[in-house]
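Inspection log for the structure reproduced underneath, given as structure tokens.
The values are calculated or read from the model by the stated rules, or taken from the named source; none is laboratory data. These figures come from a predicted structure and were not determined experimentally. With ligands, DNA and RNA removed, areas are computed over all heavy atoms of the protein, side chains included. Shrake-Rupley method; radii C 1.70, N 1.55, O 1.52, S 1.80 Å.
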Amino acid sequence: MTQTNTASDTSLMNRLGTLVVIPWAGEHQDDGRDMAFLMAYTLGDGVAGREGSEAAALIVAKEAGLPVGGAVLDVAQVPKSPVKVLVEGGKAVLTMPYLHVACPVPEQWVTAARDRGTVYVILASRPWPEAVPGRAVTEAALQAFAADEAVLGTAAHCLVPVGTLS
């Protein structure tokens with residue numbers, strides 16, 4: 001997990017609070033092949049509490065042009081999308097409005113991202129205060145949060161082409 005330190009609108013960032021990214025790879029339900037996932041979420045520690053953080057996350061999704069509620073946007077079909085993923089040196093770099101973060105990713109994640117040529121990015125509006133940077137997140141806790149219909153139904157979902165330096 002990694003948190004961001006880049007912000008262009010401090011008022012929105014103050015409401016958003018800490019924004020964290022967590023990677024994982026696993027079988028995608030549509031085809032059974034591994035998919036690389038990145039989930040960005042707030043800890044809900046913004047100045048207006050959990051509700052304010054959730055509202056701020058929805059603003060971030062809107063500014064990024066990401067639909068909320070389950071539809072998956074293929075960013076490759078969006079001219080000049082501000083959402084980008086760079087994979088290099090065992091790290092994924094996710095860039096979108098209010099977030100520019102590099103996080104270490106396991107080899108399974110890198111392989112899945114390169115094989116598919118895309119990363120499934122989820123911007124959760126629901127806060128996840130238990131999953132703080134520096135504290136291990138169990139697979140069960142990740143699965144419980146990432147598969148929760150209330151989380152997925154209020155999140156932005158997109159497929160982002162994998163960029164590289166070479």
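The convex hull built on the alpha-carbon positions of the chain has an orientation-averaged projected area of 9.1 nm².
Against the main long axis of the alpha-carbon atoms of the chain, helix 49-63 sits at an angle near 50°. Across the accessible surface of the stretch 29-166, with the other protein chains kept in place and a 1.4 Å probe, carbon and sulfur atoms take up 55 percent.
Computed with every protein chain present, the accessible area of Thr118 is close to 30 Å² [probe 1.4 Å].
For the chain, the longest principal axis of the C-alpha atoms and the axis of helix 107-116 are separated by about 70°.
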